[in-house]
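Note sheet for the following structure.
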Amino acid sequence: MTSASTFPSADGLWTGLRLAPGAAPGTTPDADTEAAIAVAEGTVRWVGARSALPAEFAGLPPHDGRGALVTPGLVDCHTHLVYGGQRANEFAMRLAGASYEEVAKAGGGIVSSVRATREADEDALFAQAAPRLEQLLADGVCAIEIKSGYGLALEHERKQLRVARRLGEAYGVTVRTTFLGAHALPPEYAGRSGDYIDLVCNEMLPALAAEGLVDAVDVFCERIAFTLAETEQVFQAAKALGLPVKLHAEQLSDMGGAALAARYGARSCDHIEHLSAEGIEAMRQSGTVAVLLPGAYYTLRDTHLPPIEALRTAGVPMAVSTDHNPGTSPALSLLLMMNMACTLFRLTVPEALAGVTLHAARALGLQKTHGAIAEGMPANFVLWNVRDAAELAYWFGQRPVRTVVRQGRIAVGAAQ
Ligand code: DI6
Ligand code: FE
């Protein structure tokens, strides 16, 4: 186990860098111009062409980037990282012909992870999630969203969210927690969906919010999960507590969830394979981020593409995330998701890069601290062993990270 406090400080003047496109909004140097980043007390004080470096930063202790391409720290804006067990057996069932919905109806699916999560205590959940987090961090992740939703009862949802907070502290990574109590109907509420949603709204959410464990609220709005009306009930409860909302929307069918979420000013609508033109327009008006999850699309062998061209034309910001979860996306590389977003969804490389940085930060309300290299922001950036930004999406299964500066500390790679 790592202890974040032992990472060396990244304070100093980072030179010999090449800025990836869009890495430092407002600065002009292209990737062929040497760039520099001045860091003091863990904060970016200046970024730009080295030739324009203000004299006051020239004397800072040097870090030689040796020509590395630099991007903002990556942001994984949609994960279900904390859960008990795994579901490789269902992978086998699907290979034998069962659909995701059939597996769920046969008592597998989310509910089987609920059993394993309820059986595990906090330490066991931490021990299982930590190596998964380490994989994501090794790919340059500096901020991550972690949802609950495998407890489905107050004490078990609490366990998941507390473990998410502990992971953030232990690894020195920004963690945003999302309460997803309305992920699936727990078996003890079979046939009593309304009662369960009442419990989510009136007991679970207020209690967990009061404990400071909830940064946002999410719902799985789907035929196999919760209806539009139930989703709205949860959104109202979130609104009453002043919490932002997001939504698992239109993954398997068009439920009209995105338009509803947009009415509640949702930070993001996620999956959205079946998103309608009305949904896109509603998201555009509310500034809601479209979170694309190619790992789930791939695992489910989905063929219904999200409406990328229409989102692009409308100017809806598109983020890309792992959706790491044991059922539909056991993915532990955000770079691989960039590759899939390009290959499967036809995103351009700059779109995929903005999708795991700028727009992913916005999907979490972290746009002031993450997703860009900018004066006044905490130092979160990655030096890569690549010539060209396209290589970040081009290779798959390779780890081109050289150095990760996370929260002002050198978390991966030796200090220069
Ligand atoms: N959508 C998903 O892709 C995951 N949850 C959700 O609401 C799947 C979760 C699982 O199968 O365990
Ligand atoms: Fe998900």
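The values are calculated or read from the model by the stated rules, or taken from the named source; none is laboratory data. All of these numbers come straight from a predicted model, not from anything done at the bench. Because the Cβ atoms are built from the backbone with ideal geometry, glycine has one as well, and the counts that use them run over all protein chains shown. Quick note on the areas: whole protein, heavy atoms, side chains included, nothing else; ligands and nucleic acids left out. Shrake-Rupley method; radii C 1.70, N 1.55, O 1.52, S 1.80 Å.
Some notes on this structure:
- Residue that is within 16 Å of ligand 2 (Cβ to nearest atom) and among the basic types (K, R), where the choices are R176, R192: R176
- Against the conditions (1) within 12 Å of ligand 2 (Cβ to nearest atom); (2) touching a residue at least 40 places away in the same chain (Cβ under 8 Å); (3) touching a Ser or Thr at 6+ places or on another chain (Cβ under 8 Å), Q251 satisfies every one except (3).
- Here is the figure for the range 319-334: residues that are closer than 24 Å to A390 by Cα and buried (at least 24 other Cβ atoms within 10 Å of the Cβ) total 8.
- Positions within the range 1-39 being of a type in the set (A, V, I, L, M, F, W, C), touching a Phe, Trp or Tyr at 6+ places or on another chain (Cβ under 8 Å) and surrounded by fewer than 23 Cβ atoms within 10 Å (Cβ to Cβ), in sequence order: A4, L13
- For the range 200-216, a tally of residues being free of Cβ contacts under 8 Å to residues at least 40 places away in the same chain and either open to solvent by less than 10 Å² (accessible area, probe 1.4 Å) or of a type in the set (A, V, I, L, M, F, W, C) (or both) returns 5.
- Subset of the range 172-200 (residues that are away from ligand 1 (no atom under 16 Å from the Cβ), out of contact with any strand residue (DSSP E or B) (no Cβ under 7 Å at 6 or more places or on another chain) and not aliphatic (A, V, I, L, M)): E188, Y189, G191, R192, G194, D195, D198
- Condition met for A393 (modelled with pLDDT of 95 or more and in contact with a strand residue (DSSP E or B) (Cβ under 9 Å, 6 or more places away or on another chain)): no
- The set of residues in the range 73-88 that are away from ligand 2 (no atom under 16 Å from the Cβ), open to solvent by less than 10 Å² (accessible area, probe 1.4 Å) and either over 18 Å from T43 (Cβ atoms) or out of contact with any strand residue (DSSP E or B) (no Cβ under 6 Å at 6 or more places or on another chain) (or both) comprises L74, G84.
- Taken together, the residues in the range 380-403 that are under 11 Å from V70 (Cβ atoms), surrounded by 24 or more Cβ atoms within 10 Å (Cβ to Cβ) and of a type in the set (A, V, I, L, M) amount to 2.
- Filter pass, V175 being free of Cβ contacts under 8 Å to residues at least 60 places away in the same chain, open to solvent by 10 Å² or more (accessible area, probe 1.4 Å), within 20 Å of L81 (Cα to Cα) and not in a loop (DSSP other than H, G, I, E, B): yes
- Restricting the range 327-354 to residues that are within 16 Å of ligand 2 (Cβ to nearest atom) and part of a loop (DSSP other than H, G, I, E, B), the residue that is farthest from F381 (Cα to Cα): G327
- The set of residues in the range 343-366 that are polar (S, T, N, Q), open to solvent by 60 Å² or more (accessible area, probe 1.4 Å) and within 20 Å of D323 (Cα to Cα) contains only T343.
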